[in-house]
Amino acid sequence: MKTNLLSFLFIIASWLGFAQITTSPSAFNTTDAVTITVDITSATGCNSLNNPSKVYMHSGIGSDSNPWEYNVVGNWGKDDGIGEMTNNGNGIWSITITPKTYFSLTDAQASSASKMGMVFRNPEGNQELKASGCNDFSINVGTFQVTLNSPSENSTTIVNSGGNLSITASNTNGNANYSLASNGSTINTSTNTSAYSYTHSNITTNQNYTLTVTQGTETVSKSFSVLINPGTIAQAMPSGLENGINYNDSDASKATLVLDAPLKDFVYVVGSFNNWQPSSAYAMKKDPSSGKFWLELTGLTSQKIETYQYWVVDETPIANSPALVKTADPFSTLVLSPFDDSEISSETYPNLPQYPAGQEREVTVLQTGKSDYNWTVTNFEKPKKEDLVIYEVLIRDFDKDRNIQDLIDRIDYFKGLNVNAIQLMPIMEFEGNESWGYNTAFHMALDKFYGTEDKVKEFVDLCHKNGIAVILDVALNHAYGRNPMVRMWMKDADGDGWGDPSAENPYFNEEAKHSYSVGSDFNHQQDRTQYYVERVVKHWVTEFNIDGFRWDLTKGFTQNCSSSDDNCTNSYQQDRVDILKQYADYSWSLDASHYVIFEHLGQDNEEQQWANYKDEDGKGIMMWGKMTGSYNQLTMGYASDSNFNRMGHEAHGFDSKRLVGYAESHDEERLMYKNLQYGASSGAYNVKDLNTALQRMEALGAITLTIPGPKMIWHFGELGMNNSIFTCTDGTVSSDDSCKLSTKPQPQWDDNWLGNTARKSVYDTWSHLNALKINEAVFEGDYTITSGDLTPRIRVWNSDLPATELTDVVIISNFDTTSKTVNPDFPTNGTWYDLMDDTGSTSISATNAITLQPGTFKIYGNNLPKSLSVDDAPLKDVFSIYPNPTKTSFKINVEATQLSIFDITGKLVKDFKGSFNTSNSFNMSQLKSGLYLVRIINARGQQNTSKLIKI
């Protein structure tokens, strides 16, 4: 048997205190049958089972350091009978197992197993019961038990050099032999006794102790340590160093670590380079001026992966705070986790470094001499803000592998949709693996579940090659409990190494200062917090070439409110106006064209402060503009509450390019789900019919994407995604919001939605609308929105354009369940062209009566789009392309100064400028087979377009 994680007496006490778990017999071996009984009515202060129809024991067995190490039994969220317990009435449930057979243990595992871990759940897995402090339950395995009375098991005692340590222990089941080793050498033994006592005197170096207790063939080991206070080593820190790792550009054998840890007495750097056993040489020095701790590491090997932690000590901690915290570097760019890394596949993260054996919690990776990524695009020109069509993606739920490679492999999907920006939900190191990412712990580290740093850079590079900007969603309002800056100054009354910020924390509030709090609330009025945020911004902008940030939950950036005061949180707060301007300024100091987007969804008077900030310099901050409710009313077929005028900027009081309007995002229920659940009907027309509801999504695109200003699509809205946001992992829909964050199924690929005519039609329609929005300058102009009934109308115009171009667009729609005669109210007489017709051959004369079938729309322009128009100039009769079809290249029979190739959605795929004649050849070998439009312009400005087939 191996080292116990908790002492036997502590476990017994927890059973008696909470009356939750008992075993019969009370002590058992792996070959004995044991009945495990749980009382689900006993309060734990953490989670609960609310009158479940069944209770499942999700359990594992292993060593004291990891009770789940050898095997785990149970399928979370499955009602499959594995681990199902018997209902004994009155909230008492039990299960009888023989551990060796139940967990399929080998003989070696059965003889060494010393702990079982367990959690109890309902069949759906959306309710669970854990032990006090939100820990897994842990019970001893084996009839021979040892209790380390002093010091505590796995504890670290801090002593001054020359100090003493008293060790006492006891055992059950008769006398035993005790052997105490320190730093690998035996220093005391005691035989044939049930109680042990020894004092280690005159300790001058750090000690790692192991107390080994033997009774017959049974052996139990207990570990603990001593850390010597090295005293204050005052020495000025070299200039130019930042918090975290500072690599030496000229010497790969060196790196300097800097930690800002106010109120702490001393810090050791402990890692692979000192075999996780620090000597006084690894005690950090303290800079007298800044108070920061620092240490230069030497003797490192270039490109060798090293791991380390800080062991941070406060000899006189405030009540309920720990004296010692072992933590990774707050400024880590790569961390290894003992909790999550085992679930990361080698396909997603090849050659993932191993977590160092025998350590606890996250460790930081350090690697000198690492080569920089070789960027192929170094001068990316971002799309104009007013032309942005942003595609919001949760990598986890985008494709089956749930990693960044999935997005790389489907770049053609994004190009085909004609989006010009991709916004990734948080990819920074978060707690767990399959998460939305807002539970961030390390803001500068990539979460390894999505891939490697180089793979993310490859994705950004590929997007830039294809004219697509990359925006990151960042959660800098808060951090979660694994964050080192939480843990170094935390309240940890139960001593489990986790806790909330204490009164001493220089980064976080003890209590949130706003009413939407999650995790631990940053205090953004603290200089250290501001420094941290700016380092995070700099890292992603300079190291990953990220084009913009969407700042999550900006309402939380105030210090003026309380966790229970919605009115205060939602009202104008000058301190958050100021600090968020400061963060925007810092972003623009790194990249003048950086996109700054706030998810505020607050009062206009506050949002105007940001949207109009430095607008005269072409900057200004973009605001999220949610119109989900109004648009969903229309797609379901209801006129009430369907006014979507606030999809336009004028209702907000700032420029159109500052409002990122959307009908769907990750936070709202899917429109299609509600269409199918609650849609209206009239006769044979029923919105609850799938194909009917899908057709209405095409019309939705027409009255959202065409409104001037940046727009956003939530992934797979363009295919009519109809899974509820509350879909659970087993495909059911939870009656509450418990499955909101659950991993979603992948019908869009599994069921080949692109091969479904009705779904592909939504994709194609939105693609065409996106191409118009991005390529046609009219959509950067003025507009009017007439909404509030089932036949909304939009007019868009741009008076600054030449009269020969597309200067006026009218969009009409019918979201009723019966056909309607709609007045398009064309602003001028004459011919109006159907802009959804690629050929430009469909047109009508201005009229006041157009009949629209239910769920349809029309978009008309006073001229053909410039990117697709066929000019009536003299070129029309003489322009030709040869050979046509072609495999690799073609020539033209006239002179031209510009030749542009467009795909059938209107997206520009190649562009040639110069002085061309009949001898010039235009290569298109890299383009896919299909139909293209080739437009030429000559020196006189005459132009024409002709079709070309690539075979």
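The values are calculated or read from the model by the stated rules, or taken from the named source; none is laboratory data. Please read these numbers as outputs of a predicted model, since none were measured by experiment. Methodologically, a virtual Cβ is constructed for each residue, glycine included, from the backbone with ideal geometry; neighbour enumeration extends over all protein chains shown.
If you scan region 611-632, which residues turn out to be aromatic (Phe, Trp, Tyr) and touching a residue at least 40 places away in the same chain (Cβ under 8 Å)? Listed by number, the residues that qualify are Trp624, Tyr631. Identification of strands (runs of 3 or more DSSP E) wholly contained in region 125-237 with 2 or more residues that are touching a residue at least 40 places away in the same chain (Cβ under 8 Å), on the phi < 0 side of the Ramachandran plot and not hydroxyl-bearing (Ser, Thr, Tyr) yields 137-140, 146-150, 156-160, 163-171, 207-215, 218-229. Only residues that are within 17 Å of Arg121 (Cα to Cα) and basic (Lys, Arg) were counted across region 51-110, and they come to 2. Considering only residues that are of a type outside the set (Lys, Arg), more than 20 Å from Pro865 (Cα to Cα) and crowded, with 16+ Cβ neighbours inside 10 Å, which ones fall in region 922-951? Answer for region 922-951, where residues must be of a type outside the set (Lys, Arg), more than 20 Å from Pro865 (Cα to Cα) and crowded, with 16+ Cβ neighbours inside 10 Å: Phe922, Met924. Residues in region 58-96 that are buried (at least 19 other Cβ atoms within 10 Å of the Cβ), part of a strand (DSSP E or B) and among the aliphatic types (A, V, I, L, M): Ile61, Ile95.
Just for strands (runs of 3 or more DSSP E) wholly inside region 879-922: which have at least 2 residues that are of a type in the set (Lys, Arg)? It comes to 908-916.
Are any of the residues in region 764-771 touching a helix residue (DSSP H, G or I) at 6+ places or on another chain (Cβ under 7 Å), modelled with pLDDT of 95 or more and of a type in the set (Phe, Trp, Tyr)? Looking for residues that are touching a helix residue (DSSP H, G or I) at 6+ places or on another chain (Cβ under 7 Å), modelled with pLDDT of 95 or more and of a type in the set (Phe, Trp, Tyr), one finds at least one in region 764-771, hence yes. Selection of first residues in region 93-116 that are not assigned by TED's automatic domain parsing to the domain that holds Asp64 and of second residues that are in a helix (DSSP H, G or I), restricted to Cβ pairs under 7 Å at least 6 apart or on distinct chains, gives an empty result. Taking the criterion of being touching a Lys or Arg at 6+ places or on another chain (Cβ under 6 Å), within 15 Å of Asp329 (Cβ to Cβ) and not β-branched (Val, Ile, Thr), the residues of region 245-293 that qualify are Asp260, Phe293.
Of the residues that sit in region 245-265 and are assigned to a strand (DSSP E or B), touching a Ser or Thr at 6+ places or on another chain (Cβ under 7 Å) and of a type outside the set (Ser, Thr, Tyr), which one is surrounded by the fewest Cβ atoms within 10 Å (Cβ to Cβ)? Checking each candidate, the answer is Asn246.
When Ser738, Ser787 are checked against the criterion of being in contact with a helix residue (DSSP H, G or I) (Cβ under 9 Å, 6 or more places away or on another chain) and either surrounded by fewer than 19 Cβ atoms within 10 Å (Cβ to Cβ) or modelled with pLDDT of 95 or more (or both), a single residue qualifies: Ser787. Restricting region 846-879 to residues that are out of contact with any strand residue (DSSP E or B) (no Cβ under 8 Å at 6 or more places or on another chain) and acidic (Asp, Glu) leaves a set whose member that is modelled with the highest pLDDT is Asp877.
Annotation: of all residues in region 350-393 being within 24 Å of the chain's Cα centre (by Cα), assigned to a loop (DSSP other than H, G, I, E, B) and of a type in the set (A, V, I, L, M), the one that is surrounded by the fewest Cβ atoms within 10 Å (Cβ to Cβ) is Leu352. Among the residues making up region 325-345, those that are part of a loop (DSSP other than H, G, I, E, B) and either closer than 21 Å to Trp68 by Cβ or outside the structural domain of Val258 (by TED's automatic domain parsing) (or both) are Ser337, Pro338, Phe339, Asp340, Ile344, Ser345. The single condition from (1) at pLDDT below 90; (2) farther than 22 Å from Thr101 by Cβ; (3) acidic (Asp, Glu) that Asp39 fails is (1).
One residue is enough: does region 908-921 have a residue meeting the conditions closer than 29 Å to Met836 by Cα, surrounded by fewer than 16 Cβ atoms within 10 Å (Cβ to Cβ), at pLDDT below 90 and acidic (Asp, Glu)? Looking through region 908-921, at least one residue is closer than 29 Å to Met836 by Cα, surrounded by fewer than 16 Cβ atoms within 10 Å (Cβ to Cβ), at pLDDT below 90 and acidic (Asp, Glu).
Of all residues in region 671-688, those satisfying the criterion of being in contact with a helix residue (DSSP H, G or I) (Cβ under 8 Å, 6 or more places away or on another chain) and either within 23 Å of Lys744 (Cβ to Cβ) or not in a strand (DSSP E or B) (or both) are Leu671, Met672, Lys674, Asn675, Leu676, Tyr678, Gly679, Ala680, Val687, Lys688. Number of residues in region 289-305 that are surrounded by 19 or more Cβ atoms within 10 Å (Cβ to Cβ) and touching a helix residue (DSSP H, G or I) at 6+ places or on another chain (Cβ under 9 Å) equals 3. Which of the residues that make up region 790-827 are out of contact with any strand residue (DSSP E or B) (no Cβ under 7 Å at 6 or more places or on another chain) and among the hydroxyl-bearing types (Ser, Thr, Tyr)? The answer is Ser799, Thr804.
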